[in-house]
Amino acid sequence: MLRSLVGSEMCIRDRVSTQSTGHPSAINMLSSFKDFGKAANDLNKKEFFDKKATKKATAKCSSNGVKFEGFLTAENASELNMTFKDDELELKATFKQDGVYSVDATVFKIAEGLDLKALFSTPAKDVEHAFFDSITLGGEYKTADINALANTKIKFNAADLFAYKSFDVNCAGAFKATDDLNVGFAINGFTITPGEKDAPSTIKAPEVNFGTTTAFDDIKISAILNSSFISGDKYGFQPGKLSLTMFKPLTGETDLAVQFGYGRGSCTEGDNKGYVDTAAAAETSTTIGTSYKLSGNSTLKSKLAVGTASKPSLDFAWVQKLNTGSLTLNQKYGADSTEFGMAYTLEA
């Protein structure tokens, strides 16, 4: 999907993409909002050490138009994906270790530029009664100058087979302001809760994000501001963090990505997850990453991260393409520890 209340009592301190997938941003080609800053985000994230998957093995294969992919990690996480796609339909089935099964369906071109989308997801294995955890229905409209999507997510109560619980609305859009300037927005988790008796309804949206992306020759620059909204006098509109990204190919073999962030973070747990934490102090963070192609099969990556909320860290990654896949070795040097990771992908 295209996709953080007043004081500490609203975040409780116990309680993060707007970035997703799509067409890369470039001059004379509209990028959807989810792709703003994608090149820099990918360079500074992919192949580096990930504490959630320090050791990871992935297998990929395809047969008769169906693609299969599965992975295992040292942290005892696993997932299996199956994808079928033709000119009219795409189906993605995902099986997770916790028992969650989901089917993501897209019907292409039901009208000019319009795709129909649906996502069905079951609850985790420890839920005994509910048949569905959620059903999401929506569509995406794409032209050369406009990209927009909207959907409604219907959530179900775990105590009954098909008991309705709540729903929220999500939408995003991007449009060309000029040939090399795109502007976009994304609203996720929008809900309206009726007030009791004569009280007004409450409008909530944990993610209200605005962004822009442009290109100067081969330099791509993006800016995104995340914020949250709750109607009423206590919270209102709360700006969160401003993120600036820059991506530039330095030579034919070397790419540079710079990311800078300033502002308040969001609650990460509890009922207020995703809402801007109004009790948090503004923080700054800077990440500088490079990617250097040693050869057609070998790539060396590095990343330096500093910020007011965390200690500096330096990452390296070596990506080696093999005849039947790839091997990635990564190392993270922190102020207090050094961590090593690896990932192997087999493509049959």
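The values are calculated or read from the model by the stated rules, or taken from the named source; none is laboratory data. Worth saying up front: this structure is predicted, and the values here are computed from it rather than measured. Cβ: placed from backbone, ideal geometry, glycine included. Neighbour counts: every protein chain shown. Remember, those area values only see protein heavy atoms, side chains included, never the ligands or the DNA or RNA. Shrake-Rupley method; radii C 1.70, N 1.55, O 1.52, S 1.80 Å.
Summary of values
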item	result
Residues of the range 313-337 satisfying the condition of being modelled with pLDDT of 95 or more and either among the aromatic types (Phe, Trp, Tyr) or under 30 Å from Ser266 (Cα atoms) (or both)	Ser313, Leu314, Asp315, Phe316, Ala317, Trp318, Asn330, Gln331, Lys332, Tyr333
Tally of residues being among the polar types (S, T, N, Q) and buried (at least 16 other Cβ atoms within 10 Å of the Cβ) across the range 232-285	8
Which numbered condition Glu269 misses (of (1) within 23 Å of Lys56 (Cβ to Cβ); (2) within 22 Å of the chain's Cα centre (by Cα))	(1)
Residues satisfying the stated conditions in the range 243-264, i.e. under 21 Å from Asn209 (Cβ atoms) and either touching a Gly at 6+ places or on another chain (Cβ under 7 Å) or aliphatic (A, V, I, L, M) (or both)	Ser243, Leu244, Thr245, Met246, Ala257, Val258, Gly263, Arg264
Qualifying residue in the range 185-200 (condition: surrounded by fewer than 18 Cβ atoms within 10 Å (Cβ to Cβ), assigned to a loop (DSSP other than H, G, I, E, B) and among the polar types (S, T, N, Q))	no
Of the criteria (1) assigned to a loop (DSSP other than H, G, I, E, B); (2) open to solvent by 80 Å² or more (accessible area, probe 1.4 Å); (3) among the hydrophobic types (A, V, I, L, M, F, W, C), which one Leu72 fails	(1)
Selected residue (only one of Lys60, Lys67 is of a type outside the set (Phe, Trp, Tyr), in contact with a Gly (Cβ under 9 Å, 6 or more places away or on another chain), open to solvent by 60 Å² or more (accessible area, probe 1.4 Å) and modelled with pLDDT of 95 or more)	Lys60
Residue in the range 232-242 that is under 30 Å from Ile192 (Cβ atoms) and aromatic (Phe, Trp, Tyr) present	yes
Elements of type strands (runs of 3 or more DSSP E) in the range 256-348, at least 3 residues being among the β-branched types (Val, Ile, Thr)	283-293
Tally of residues being outside any strand (DSSP E or B) and open to solvent by less than 50 Å² (accessible area, probe 1.4 Å) across the range 162-180	1
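Yes/no per residue for (1) in a loop (DSSP other than H, G, I, E, B); (2) open to solvent by 50 Å² or more (accessible area, probe 1.4 Å); (3) touching a helix residue (DSSP H, G or I) at 6+ places or on another chain (Cβ under 6 Å); (4) of a type in the set (A, V, I, L, M):
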| position | (1), (2), (3), (4) |
| --- | --- |
| Phe48 | yes, no, no, no |
| Thr83 | no, no, no, no |
| Phe95 | no, yes, no, no |
| Gly99 | yes, no, no, no |
